[in-house]
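The values are calculated or read from the model by the stated rules, or taken from the named source; none is laboratory data. Quick caveat, the model's predicted, so the values are computed rather than measured. Positions of Cβ are generated from backbone atoms using ideal geometry, with glycine treated the same way; all protein chains shown enter the neighbour counts.
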């Protein structure tokens, strides 16, 4: 072989080795496959992963057109690890928020009834919830994304939202007193009722101004490897807030704190104080850092008008997103009937009381006692939800995601259908101990579907979206929230006519139970527990109830 041929062969071999080494280096430079962990696993709180925490172990598929942007955002969103104390202080604010929600759910409807609002119209006041979710949450999200205040992007909204929420709670707790100052009487309280309804709307709208930025704050400052731990703490704080709020609602607070005029005044005031304390601690100990996810020169309007706008996002949403969305519609129709009428059902159907009667009348006293028992049941609901969230990962590992999701819907249906058949004694007689225990058991069992619906559908949706567009999970979550707000609108607008015709709030609960039965069947009809990559031809399906295990 000639010298020229040898040189040519060496050059060719050198080129091949260079290309091979370049490809190897490129492969090693690629990001490692990222795992999405279930926020329900309590062991995440202690820095451990369970074998069932893995929802997805393969490299996420990124929709074409998003790849370069995804890489850039992954770089700019890297964060230093957050110590556990700071993480607890951040998520503690969720306990304050949920305490306010629990107080509203337990005593909102009874307070409006006591001020003279007919039972069939009570649900109209609850329109505030879905309207705030549909209108306020996206607006606050847009404003906080573009906020450049020295105090931070999110914390100014936490402070302002807390001020208005505290004002709303104070007005709601003192509506009757303010009404008497402006001419109300014990027989007619139009001013007090108007104040209470206005405060009801203000409360829902202002809480949204806290909740949305708080969740965004977690995403902003907590690195990706701690996101599951942060969400697990959010879930725990939600349970604690529920437990505290409903626990206070089950007590005769005016007897414990005699300087309060009524139980409602004490309850709403204490809830406001708890919210203020938790938000102050959050804002003091949590420091925001600038992030590059959205540059200062890039407005939301520009992103909306771009070829990757909101409409296109929804059109390109993976099919599993819409399947879980449909199930949530029926699930939340049932849940919202509980929010509006649970305490009213105990006061009216179990205790045969009436909140429209004067304060010291036997009917009113029976109604108030029933409302307190209802709040005790909701406290047990919160406790069961916290306990069930601990065992839920093990149950999913043993029985599968689909089975446990369907089971939770069946429990919800049972808890909503049974009240229709429960009737308390005639007026003037207290219900028996057995009837009280049955009532408490029904309300406590709601903790099972509540814990499940706060975790399983969101995990399914989040994992499905993560495979398509991991950098827009926040936007998809906002739209997924409509699966909860939409049914609330239906209950708020439809139940007044039902209660007016039947005179029985348990009929509304019964319809909620039938809706839950539909959601249970849809879990298997739509196969929502199957995550399939809709964008890739012949892509393998990922069954969440057949998750691969891994070791540290």
Within the group 159, 191, which residue is assigned by TED's automatic domain parsing to the domain that holds residue 218, touching a residue at least 60 places away in the same chain (Cβ under 8 Å), farther than 19 Å from residue 253 by Cβ and in a helix (DSSP H, G or I)?
159
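Look through 492, 515, 483, 477 and report the one residue that is modelled with pLDDT of 80 or more and farther than 24 Å from residue 407 by Cβ. Full working, then the answer.
Numbers: 515 fails: farther than 24 Å from residue 407 by Cβ; 483 fails: farther than 24 Å from residue 407 by Cβ; 477 fails: modelled with pLDDT of 80 or more.
Answer to the check: 492.
Determine, yes or no, whether residue 340 is within 19 Å of residue 509 (Cβ to Cβ) and modelled with pLDDT under 90.
Values: within 19 Å of residue 509 (Cβ to Cβ): yes; modelled with pLDDT under 90: yes.
Yes; evaluated as a whole, the condition is true for this residue.
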Are any residues in segment 357-411 assigned to a loop (DSSP other than H, G, I, E, B) and touching a strand residue (DSSP E or B) at 6+ places or on another chain (Cβ under 9 Å), and if so, which ones?
400
Is it true that some residue in segment 126-145 is surrounded by 15 or more Cβ atoms within 10 Å (Cβ to Cβ), over 28 Å from residue 508 (Cα atoms), free of Cβ contacts under 8 Å to residues at least 24 places away in the same chain and within 24 Å of the chain's Cα centre (by Cα)?
yes
Might you check whether a residue that is at negative phi, free of Cβ contacts under 8 Å to residues at least 60 places away in the same chain and either out of contact with any helix residue (DSSP H, G or I) (no Cβ under 8 Å at 6 or more places or on another chain) or surrounded by 24 or more Cβ atoms within 10 Å (Cβ to Cβ) (or both) occurs anywhere in segment 510-519?
no
Could we say that residue 321 is closer than 28 Å to residue 460 by Cβ, outside the structural domain of residue 148 (by TED's automatic domain parsing), touching a helix residue (DSSP H, G or I) at 6+ places or on another chain (Cβ under 9 Å) and at pLDDT below 90 here?
yes
